[in-house]
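Here the structure is laid out as structure tokens; the discussion comes afterwards.
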């Protein structure tokens, strides 16, 4: 059994006991424990079930590479699935539950899958769920979706807050182990601004556990003094509990800081996403131990050798009473010695390497009386929910049993793989190290910065320097080189000298035993979480999935939440072997950020609740809000759709407002319309190019409606242009078009017509704009007084400056409703004052504010088009019978040549018409108008579609606008418009101008 | 004649830093050839200041000139003097190729006092360390999801400018970033 030892544990505080619950069961741990160490201390080795076969899963590792110990953490608003127990610091009242089993962890129905495992080989899903085709939708997909995913998705709203933080530094060190700290010191001594990110709560990485010396001082003491030295330096920022998550272009790095996962009751944000710009990056990310592939290596109790000694040294937790060590290298002997030193039993060290000169570690183990079995291997592990023993065999053979050894833990080591993930994120290449059997960074092919020069260096174990003897010098050099590359001058002086016990070379072991028979290979796990075994990868190779990227996706090797940190190298070694090619030729799959999963909350940062997205408010926003506005999002703006009175339905409000504009007086907040000031000697020429009609001939004081097309001829925006003076025009755009058209103008001025003398300024928000519309529009303005707004002084399509009610305004006599209408522009800071004055003065004229839906109906009654309704990016002005607004005189304008292309000049293009339903009803939005026959896909042919459709309260019937084949020539014809509900409507083709076709009302 | 009002009526929040919506400020966009003598004279006459270099703001009393782009600066002056200033500048510039336009009402402005560095570094991808961002430094950038500009007036005073329509959003994100923890 696993248990807490009576003494030791460098990271725990035995004075502080923490109660927590796992699957409802009360357990106790100490401050400083991880959830994994606390579970082991409570003899909870079984922590979950694997994904495919629901095999029992125990804790394997002690760090972020852990594939098995994933739990649901927290409840309700703090619930989070797939949290790794090995990186979860224990806190008081922690609640964890295990995943992927039913009804319970110890007895799981899904484990039947394991019995069927030989019928569920690699590619099972691809092979099985193909036929019959119609089973996919109703049977296979729901079934697979039900089975997919380990943890449950959270349902409650996240109770925590998150934030981003931007940081800048000369040298960023990722990894706060002995190498990272040494590199940081070397860089910081030059005066460079240095940041150090360490993913755990503790500095020093593995070094304090594994031992060694620096300049004859024990390495744990060296770590302490490095931290003291770095903490005292103003140019150094140390961040622990902060993982280097991803490396991106030009020295952009994401850091994921877990501020209070370990202290949930503390105030402040839970996670902080650091968005760092670093001139130079040093990855000192250490190395991860590889498992060995023997039968039953997934049974709870089989652990990485390094994890076993981590639990003993850091947490005083022994994973087992009798621990067999199995290895292909000397490093694992440290584990055997550590176990032995606790007084527990190590029945044997099974070393796959043949007899050879023992190194100092082997000598020490032997001196402690540990039995060392050289050239041997594990044939299979016994046990189901916990290891009970192993069968010994020769590494060279097929697995013939030699001896049974009883044990309750197995510590395995297949050698070490440098953590090259962050080096690889942004294009760093790898090279195969034959001696250590690992990929390591190819320092000659480093990621490069904006200047094309390397901006990234690996250091220490991450650079393949797995032993203290070379690690320290490598880290020191990397830190100095990074500082130098960012413009600082390194100090001279010797690098610190590291020393550790010599180690004999490892022997690559990818399969154990070497010639393992099929039944053993089918029980030798590579990917513990996704249940990929040696036999699966071999099958993939046999079936032709030769590329490592294909084999990965076919077998799902390395595709679990741990992203194959333990399985990838072993898997590609097996693949290489099956393909008969060397490992470097097979290569690795792509390393992608983040290094381990980061929370969605951290990505969202502050963006939630009220500040999820910027909301643009007009100066009249508060009035609308207080007066029943039903909001409609228009871009980031909110515009009143209608003002709903108490006891009134939304539709009723729209009808009331629409009628009132035609009968009395309406006010519209038109502040959101784009207002672009275009000025300069070439402004007229410029606008003639942008608009389809002529703007240069407009006289100062006059307005003109204009259309803007893109270079492909399609209509993109429309609006009224006013000429302010000789070289100044003010262009109104649609609400949604303001920013886009501003950019469009700047783009043409900056890229094509850079020598034209034109300046553009976006004045959209400088003005509030109020449309005063209806038969009493002039009355209310005259009542406010201050300027002459009579027909004689301010005619249709005129503008002029003046005052109204003592407020400076610019009045435009323009109409989007067909009524007598003025749009009054006023400085934003006085917008509300003018609005209030108009509401006040308008009472005697029956004033009502109206929203965007009334605006739509009013314009549709007049047959005015709306960008986004009648247009969709594929419509040209000619489709909308707007030929009158396309200049025939101009030599060129944007879109002119495009509109001459065959398809756009095609006379059979659908054209705009009005539709009147025969029964007066309203056609549903988005209706299609079918034609006879079907197309090649068996779908009904079409002859048109409805673009706008409303009930017009002024006409008392449904009206619509539609694009119809040869429409204008078919006036009076009745079209059939079927609905999905089965109802069929009949509508007559009419002119799109339903109301006041002569335009008498707006021109009074 | 009614009094002009700011977007948020002078809203204020005190957390790790104090965020205050500033009173209406005159803002004038000046575009043109920044090396032209007439343009420099127009700016100087209006503010008493010479044009700042890239990334900087020249300031004296309630007047300032901020560098916006290679052909654009932003002039600050008292709100009630904008009209006269624009007219005088236009007069000076005459028929030279330049634009002078009042943009005061298109903007909202906030003053941050206290430890604003930590607040801004949560919202803007800008190095606001003392070395990189001493007083007189001006940056057009973004705050979370919207365009903004800010400058450091004194060691512990920053001014932030944004569009008026997003004043509430900017106030809210500044407030959120300045929550005492």
Being touching a residue at least 60 places away in the same chain (Cβ under 8 Å), farther than 22 Å from residue A:757 by Cα and within 14 Å of another protein chain (Cβ to nearest Cβ) narrows it down to one residue among B:15, B:83; which is it?
B:15
With the condition kept exactly as written, say whether any residue in region A:26-39 is closer than 21 Å to residue A:387 by Cβ and assigned to a loop (DSSP other than H, G, I, E, B).
no
Residues that are under 26 Å from residue A:204 (Cα atoms), in contact (Cβ under 8 Å) with a residue 40 or more places away in the chain and in contact with a strand residue (DSSP E or B) (Cβ under 8 Å, 6 or more places away or on another chain): does region A:349-360 have at least one?
no
Mind checking whether some residue in region A:628-648 is in a loop (DSSP other than H, G, I, E, B), within 30 Å of residue A:293 (Cα to Cα), away from chain B (no Cβ under 14 Å) and in contact with a helix residue (DSSP H, G or I) (Cβ under 9 Å, 6 or more places away or on another chain)?
no
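If you scan region A:254-264, which residues turn out to be within 13 Å of chain B (Cβ to nearest Cβ) and either outside any loop (DSSP other than H, G, I, E, B) or without any contact (Cβ under 8 Å) to a residue 60 or more places away in the chain (or both)?
A:254, A:257, A:259, A:260
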Examine region B:104-111 for a residue that is over 20 Å from residue B:31 (Cβ atoms), at the interface with chain A (Cβ under 10 Å from one of its Cβ atoms) and either out of contact with any helix residue (DSSP H, G or I) (no Cβ under 6 Å at 6 or more places or on another chain) or touching a residue at least 60 places away in the same chain (Cβ under 8 Å) (or both), and state whether such a residue exists.
yes
Considering only residues that are closer than 16 Å to residue A:949 by Cβ and either within 44 Å of the chain's Cα centre (by Cα) or without any contact (Cβ under 8 Å) to a residue 40 or more places away in the chain (or both), which ones fall in region A:963-986?
A:963, A:964, A:977, A:978, A:979, A:980, A:981, A:983, A:984
Could you identify the single residue in B:166, B:160 that is outside any loop (DSSP other than H, G, I, E, B), crowded, with 23+ Cβ neighbours inside 10 Å, facing another protein chain (nearest Cβ under 10 Å) and modelled with pLDDT of 95 or more?
B:166
Just checking, does region A:495-508 include any residue being surrounded by fewer than 21 Cβ atoms within 10 Å (Cβ to Cβ) and in a strand (DSSP E or B)?
yes
Boolean, residue A:897 is more than 14 Å from chain B (Cβ to nearest Cβ), out of contact with any strand residue (DSSP E or B) (no Cβ under 8 Å at 6 or more places or on another chain) and closer than 25 Å to residue A:767 by Cβ
no
Name the single residue that is nearest to the other protein chains (Cβ to nearest Cβ) among those in region A:185-205 being surrounded by 23 or more Cβ atoms within 10 Å (Cβ to Cβ) and assigned to a loop (DSSP other than H, G, I, E, B).
A:193
If you take the residues of region A:317-330 that are crowded, with 24+ Cβ neighbours inside 10 Å and out of contact with any helix residue (DSSP H, G or I) (no Cβ under 7 Å at 6 or more places or on another chain), which of them is nearest to residue A:390 (Cα to Cα)?
A:324
Going through A:10, A:28 one at a time, which residue ends up being within 25 Å of residue A:223 (Cβ to Cβ) and surrounded by fewer than 18 Cβ atoms within 10 Å (Cβ to Cβ)?
A:10
Within region A:590-626, the residues that are at positive phi and either away from every other protein chain (no Cβ under 14 Å) or surrounded by fewer than 21 Cβ atoms within 10 Å (Cβ to Cβ) (or both) are A:609
Tell me which residues, restricted to region A:852-881, are part of a loop (DSSP other than H, G, I, E, B) and surrounded by fewer than 20 Cβ atoms within 10 Å (Cβ to Cβ).
A:866, A:868, A:869, A:872, A:873, A:874, A:881
Matching option when the condition is in a loop (DSSP other than H, G, I, E, B), within 14 Å of chain A (Cβ to nearest Cβ) and either over 30 Å from residue A:620 (Cα atoms) or modelled with pLDDT of 95 or more (or both), among B:8, B:51, B:30:
B:8
What residue, among those in region A:306-348 that are assigned to a loop (DSSP other than H, G, I, E, B) and without any contact (Cβ under 8 Å) to a residue 40 or more places away in the chain, is nearest to residue A:507 (Cα to Cα)?
A:346
Taking region B:36-48 and the residues there that are touching a residue at least 12 places away in the same chain (Cβ under 8 Å) and part of a helix (DSSP H, G or I), the one that is farthest from the chain's Cα centre (by Cα) would be B:38
Within region A:40-66, work out how many residues are part of a loop (DSSP other than H, G, I, E, B), within 31 Å of the chain's Cα centre (by Cα), at pLDDT below 95 and at negative phi.
4
Single condition residue B:89 does not satisfy, out of (1) at pLDDT 95 or above; (2) within 11 Å of another protein chain (Cβ to nearest Cβ); (3) farther than 25 Å from residue A:275 by Cα
(2)
Matching entry among A:834, A:904 (being in a helix (DSSP H, G or I), farther than 23 Å from residue A:656 by Cβ and out of contact with any strand residue (DSSP E or B) (no Cβ under 8 Å at 6 or more places or on another chain)):
A:904
Residue B:118, sole failed condition from (1) touching a residue at least 24 places away in the same chain (Cβ under 8 Å); (2) under 30 Å from residue A:606 (Cα atoms); (3) touching a strand residue (DSSP E or B) at 6+ places or on another chain (Cβ under 7 Å):
(3)
Out of (1) without any contact (Cβ under 8 Å) to a residue 60 or more places away in the chain; (2) under 19 Å from the mean Cα position of the chain (by Cα), what's the single condition that is false for residue A:246?
(1)
Condition check: in contact with a helix residue (DSSP H, G or I) (Cβ under 7 Å, 6 or more places away or on another chain), free of Cβ contacts under 8 Å to residues at least 40 places away in the same chain, within 12 Å of another protein chain (Cβ to nearest Cβ) and closer than 30 Å to residue A:679 by Cα. Does residue B:144 satisfy that?
no
Of all residues being part of a strand (DSSP E or B) and within 13 Å of chain B (Cβ to nearest Cβ) in region A:672-710, which is nearest to residue B:98 (Cα to Cα)? Just the residue, please.
A:679
Leading residue by the ranking (farthest from residue B:3 (Cα to Cα)) among those in region A:815-831 that are within 14 Å of chain B (Cβ to nearest Cβ) and touching a strand residue (DSSP E or B) at 6+ places or on another chain (Cβ under 6 Å)
A:825
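The values are calculated or read from the model by the stated rules, or taken from the named source; none is laboratory data. Since this is a predicted model, take the numbers as computed values, not measurements. Ideal geometry is used to build each Cβ from the backbone, glycine not excepted, and the neighbour counts take in all protein chains shown.
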